[in-house]
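Following: one structure in structure tokens, then a few remarks.
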Amino acid sequence: MVIRNIESIEKATKLTMVVFDKTGTLTIGRPEVVEIITYNLPRDEVLALAAAAEKRSEHPIARSILEAARKAGIEPPEPEDFTAILGQGVVAIISGRTVAVGNEKLMKGFEVNIVQAEKDVEKLREMGSTIVYVAVDGKLAGIVAVADKPRPHTREVVETLRRMGLRVAMLTGDNKVTAYAVAKQLGIDNVIAEANPEDKVDKIRELQRRGEVVAMIGDGINDAASLVQADVGIAMGRGTDIAKEAGDIILVRNDLRGVLVAIRAAKGIYKLIKLNLLWAFLYNVTLIPIAAGVLYTSYGIMLRPEFAAAAMALSSISVTLNTLLLGRGLVR
């Protein structure tokens, strides 16, 4: 764990809510294609076009579609043109055809009719799958259902945070049905869904306006702005560089239990700072007057130089011991 600024320590002691990004944070960030349903084109053709469109994307869902194509023995062609639309998906020109791969917002923007997929989409979302639409030349060609496994210990971390008196929320760009299905698996009641990167920042601000002191945990480019906006931004260690740069605290390992360690460590450090300040105050208030000879006239007591040096050393030793106790988890 790396704490990048001292202000985050004090803020972490006052937290009231912890907000988690979903993909790559609550989940392991390696989604897999679990279902492909086609409507107007053969399955392999839809998969090949979707994989070709996603070929230049770095999004985890893009990698899952490419992996599905590889397993099917499909070598997707190189796109002639490629555009990534933040929070929506990608658009590419493949063999002269316009292929749009993404969410409902992307389909709406390209005026693609997705009514025929509604029943299939609803069923898959209730199972916790993220739906990726594939449109070719303005017509719906199919849907790809993608699912991601929760990180180990996720539910345990959520329950522990609650016992610490903190509210827990999940913030995601996923559809509400999918988001609530995943949240239910993880024991999370507060869900903020269908939020693009700009919406995420606004949602954090909204929570802060309500009086919440918010910690945001994320790992991706889409989380960077909300990590900055939160009172305490916690970045996953294997996340993107921009997310780590935006975070106040970086978890070196991709283990969500590090969130608990970070909050407890912040409380311990803050307690230690106050304890050391109290010790320094008492030390100076008591010994400086004695060293100045206040008690010499009345009682003949004078602090000899070697004793003063020993007292100074004792002060330093107490600070060091307190720090070691914190490191061993004895200061909570």
**Q.** Gaussian network model of the chain, springs between alpha carbon atoms under 10 Å - residue of Thr16, Thr286, Thr25 with greatest fluctuation
**A.** Thr286
Q) Within segment 150-303, how many Lys pairs sit with Cα atoms under 18 Å apart, leaving out pairs fewer than 8 places apart on the same chain? A) 4
Q. Helix 176-186: angle to the longest alpha-carbon principal axis of the chain, degrees 0 to 90, nearest 10?
A. 50
Q: Give me the aspartates and glutamates in straight-line cross-link reach of Lys119: C-alpha distance below 20 Å, same-chain residues under 8 apart excluded.
A: Glu35, Glu104, Glu111, Asp174, Glu194
Q. Could you put Lys22, Lys11, Lys105 in order, starting from the residue whose Cβ has the fewest other Cβ atoms within 10 Å?
A. Lys105, Lys11, Lys22
(Q) Give me the one-decimal nm value for the distance between modelled label points at Leu275 and Arg97, 7 Å along each residue's Cα-to-Cβ direction. (A) 6.7
Q: Please list 206-215, 143-152 highest first by mean number of surrounding beta-carbon atoms within 10 Å per residue.
A: 143-152, 206-215
(Q) Restricting to Cα pairs below 8 Å that are 6+ residues apart, what does the relative contact order work out to for the chain? Please round to a whole percent. (A) 20
Q) Any idea what angle helix 257-291 forms with the longest principal axis of the chain, computed on alpha-carbon atoms, 0 to 90 degrees, nearest 10? A) 20
Q: Quote the relative contact order of segment 57-209 in percent (integer), defining contacts as alpha-carbon pairs under 8 Å separated by 6+ residues.
A: 16
Q: Rank-order 126-139, 65-78 by packing density, defined as the average count of other C-beta atoms within 10 Å over each peptide's residues, highest first.
A: 126-139, 65-78
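Rule-based calculations on the coordinates, nothing more; no lab input. Predicted model, so just to flag it, every value in this text is computed and none were measured. Cβ sites come from the backbone with ideal geometry, for glycine too, and all protein chains shown count toward neighbours.
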